[in-house]
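Input: a single structure, listed below in structure tokens.
The values are calculated or read from the model by the stated rules, or taken from the named source; none is laboratory data. Not measured: the values here are computed from a predicted model. Reconstructed Cβ throughout: ideal geometry from the backbone, glycine too, with neighbour counts over all protein chains shown.
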Amino acid sequence: MSLSQRRALIDTTSKVSIRQQCQWLSLSRSSYYYQPMSASAEDLLLMRLLDEQYLQTPQYGYRKMQQVLLQAGYTVNHKRIRRLMQLIGIEAIYPKVNLSKPANGHHIHPYLLRGLAIIRVHQVWATDITYVPMASVYMYLMAVIDLYSRYVLSWSVSNTMDAAWCCQVLQKALAIYPQPEIFNTDQGSQFTSDDFTSILLSRNIRISMDGKGRALDNIFVERLWRTVKYEDIYLKEYQDGWQLEAGLQVYRSGGPVRVL
């Protein structure tokens, strides 16, 4: 059932809360209250260019990104580039001396994959979120993949990167497949939140988190984003979230999505 069909089933006159109905339908509340994330046409263009450049050179910071855009003929200062990079959730990959402190109620877990031989299915899962550019709006895509088979187990689109949505994507994968021994994420606030980590800890799944600014620790998910964007998203230029969801369903209907 598509996202739009699930939204249509929500009964606002029911005594059952919207939250409970969304849980029954595996629909995040952010998707139910969906309003396209808007920005100026120029910002959307710059964000698309930054997103494409980041897939090629993830080590570039905002000053280097500014140089790339200046060379391409776009007059933009580094403060604007930094703001747009923060908005679409990208940062340069490089070792950092001090890691930022987690938010209240959040806990950073150690990275468990260094030197680990991944030798079987459902030994390690990983997840990440990426920015999705569209014609006049933008959204986010989250995926859970198995690091041995490299197959996508669950994915979803949303207009916000909230923890509730991330929890639903995780729970969908856990409801279908045998649970992993280790689950790897970055240090995003959605993944360090108690709501998200408690799902894993309650099942005795060990939590692994990449070092901040080290997206290459999650290299297979990064390759997934590159594949999906160049094979589908960039080519289709979806107009809105409904087209995006329908298009990704068609993309996935061709067979299980696998990272090469």
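A few comments on the model shown:
- Of residues in segment 141-197 being among the β-branched types (V, I, T) and in a helix (DSSP H, G or I), the one surrounded by the most Cβ atoms within 10 Å (Cβ to Cβ): V169
- Whenever a residue of segment 234-256 is more than 14 Å from M139 (Cβ to Cβ) and in the same structural domain as R150 (by TED's automatic domain parsing), it has no partner that is among the hydrophobic types (A, V, I, L, M, F, W, C) and part of a helix (DSSP H, G or I) lying with C-beta atoms less than 6 angstrom away and at least six residues away or across chains.
- So L45, is it under 29 Å from T227 (Cβ atoms), modelled with pLDDT of 90 or more and assigned to a helix (DSSP H, G or I): no
- Hits in segment 124-158 - residues which are in contact (Cβ under 8 Å) with a residue 60 or more places away in the chain, farther than 17 Å from Y251 by Cβ, of a type outside the set (V, I, T) and touching a strand residue (DSSP E or B) at 6+ places or on another chain (Cβ under 9 Å): A126, D128, Y131, S136, Y138, L147, S149, S158
- Filter result for the condition that a residue is at pLDDT below 90 and either more than 16 Å from the chain's Cα centre (by Cα) or over 20 Å from H107 (Cβ atoms) (or both), over L201, L224: L224
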